[in-house]
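**Q** Just passing along the structure, written as structure tokens.
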Amino acid sequence: MTKISEKSHSKFGRKLILQVTPLVATSLLASSPSLAATFAGSFGELTFTNFNRENTAFEAINDANASAESKSDDSVADFNNFSRTNAEPTPLDISNVADSLVFGEGSSYVAFAETMPRFFANFDLSRNDTLSFDFTTILDLEASVDKPGVETASAAADIAFYLLDTTGISPENRFDFLNTTQLDPSQISQNNILEFFTLAANIDALGKVDFFNNTKSPNINLTSDLSYSNIEVNDLGRSRAISTSLFEGSVERYFERDINVTLLAFKNTKSNVKVPESETSLWSLLFAGLMTLATKIINQAKKKPS
């Protein structure tokens, strides 16, 4: 189990270096070394392997949102979103990797990135059949700021999958499951949820938010359950938060009747960085406004007859 964890974390580290380095290099050339920098990265991986049955249908959607805005001449902001879903048909093997990276430097900027992949695999099973498979989930989050209290950076991610009884749902309506980024209770009754697993984490570079949650149905067997988080502040005042989790397990379900079941999976990675307008700039504008108002009052007073 440790070998899988080290391999995945190494892959994440190489991904950060390759994708963030060009952003850092560009910003360093464009701005002064005295200006502050922020970074946030959210990485998630979900894989399903060792299915004992062949699926009858597979569908996937990889949506993403992102934006970056520099609000001053001395600022830069950028993002990098990535999501990919692969499925091998025989034997069935499904994997999704997604990450959202954002970076900013300067006195005023904002950047946001989010991925929303989801997919399903459908199975027709007969009476006395068993459906079984293994799964692996990985979440890696990082958020850092140079100037705590001025800059903000946060990262969040969640993974969820459900095994649903979809016997009475048409193939067309099964595809509608993917129209939302999470399981919509109005689409299917809670009684149709046979098994479920959820994993979520949220960090803030300042340590104000450090959320981690995991839930599962009793029939899911976990073989690895590893999680770690930490807040670091160096001698220069830079604050960095990290969170890593790895869960591996298996699902096995026996059916006493003919049934159609759907394995439905959702994943979300989200990163944010922001530096608002500096307080000095705001006070300067306020002071200028007050001076203008005072000047008008004085001029009006001079125009009045004595």
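**Q** Go through the range 101-120 and give me each residue that's open to solvent by 30 Å² or more (accessible area, probe 1.4 Å) and assigned to a strand (DSSP E or B).
**A** VAL110, PHE112
**Q** Same structure, new question: Just to be sure I understand, how many residues within the range 49-106 are among the acidic types (Asp, Glu) and over 25 Å from ALA121 (Cβ atoms)? First the steps, then the outcome.
**A** Keep residues of the range 49-106 that are among the acidic types (Asp, Glu), which gives 54, 59, 63, 69, 73-74, 78, 88, 93, 99, 105.
From what's left, over 25 Å from ALA121 (Cβ atoms): 69, 73-74, 78, 105.
So the answer is 5.
**Q** Right, here's the next one. Return the residues of the range 104-152 that are of a type in the set (Gly, Ala, Ser) and more than 27 Å from ASN50 (Cα to Cα); say none if nothing qualifies.
**A** GLY104, GLY106, SER107, SER108, ALA111, ALA113, ALA143, SER144, GLY149
**Q** Also, quick follow-up: Among the listed residues ALA57, ALA87, ALA98, identify the single one that is surrounded by fewer than 21 Cβ atoms within 10 Å (Cβ to Cβ) and either in contact with a Pro (Cβ under 9 Å, 6 or more places away or on another chain) or among the hydroxyl-bearing types (Ser, Thr, Tyr) (or both).
**A** When all the criteria are applied, what remains is ALA57.
**Q** Something else about it: Determine whether ALA153 is within 29 Å of LEU178 (Cβ to Cβ) and either among the aromatic types (Phe, Trp, Tyr) or touching a residue at least 60 places away in the same chain (Cβ under 8 Å) (or both).
**A** no
**Q** Still on this structure, I have one more. Do we have LEU125 as of a type outside the set (Lys, Arg) and under 22 Å from PHE175 (Cα atoms) here? I'd like the intermediate steps shown before the answer.
**A** Numbers: of a type outside the set (Lys, Arg): yes; under 22 Å from PHE175 (Cα atoms): yes.
When the stated conditions are applied, LEU125 passes them.
**Q** Name every residue in the range 198-213 that is surrounded by 12 or more Cβ atoms within 10 Å (Cβ to Cβ) and assigned to a strand (DSSP E or B), in order of residue number.
**A** THR198, LEU199, ALA200, ALA201, ASN202, ILE203, ASP204, ASP210, PHE211, PHE212 - these are the residues of the range 198-213 that are surrounded by 12 or more Cβ atoms within 10 Å (Cβ to Cβ) and assigned to a strand (DSSP E or B).
**Q** If GLU195 passes every condition in (1) open to solvent by less than 10 Å² (accessible area, probe 1.4 Å); (2) within 26 Å of LEU131 (Cβ to Cβ); (3) touching a residue at least 60 places away in the same chain (Cβ under 8 Å) but one, which one does it miss?
**A** Condition not satisfied by GLU195: (3).
**Q** Kindly establish whether SER144 is touching a Lys or Arg at 6+ places or on another chain (Cβ under 7 Å), of a type in the set (Gly, Ala, Ser) and assigned to a strand (DSSP E or B).
**A** Answer is yes for this residue.
**Q** Step by step: first the residues of the range 159-192, then only those that are in contact (Cβ under 8 Å) with a residue 40 or more places away in the chain and open to solvent by 40 Å² or more (accessible area, probe 1.4 Å), then the one that is farthest from SER271 (Cα to Cα). Which residue is that?
**A** Going through the qualifying residues, I end up with THR167.
**Q** Inside the range 121-139, can you point out the residues that are under 33 Å from the mean Cα position of the chain (by Cα), open to solvent by 10 Å² or more (accessible area, probe 1.4 Å) and either of a type outside the set (D, E, K, R) or at positive phi (or both)?
**A** Those that are under 33 Å from the mean Cα position of the chain (by Cα), open to solvent by 10 Å² or more (accessible area, probe 1.4 Å) and either of a type outside the set (D, E, K, R) or at positive phi (or both): SER132, THR136.
**Q** Can you tell me which residue in the range 214-252 is surrounded by the most Cβ atoms within 10 Å (Cβ to Cβ), limited to those that are of a type in the set (D, E, K, R) and modelled with pLDDT of 95 or more?
**A** Across the range 214-252, the extreme among qualifying residues is GLU248.
The values are calculated or read from the model by the stated rules, or taken from the named source; none is laboratory data. Small disclaimer: the values here were computed from a predicted structure and weren't measured. Cβ: placed from backbone, ideal geometry, glycine included. Neighbour counts: every protein chain shown. Surface accessibility is based on the protein's heavy atoms, side chains included, excluding ligands, DNA and RNA. Shrake-Rupley method; radii C 1.70, N 1.55, O 1.52, S 1.80 Å.
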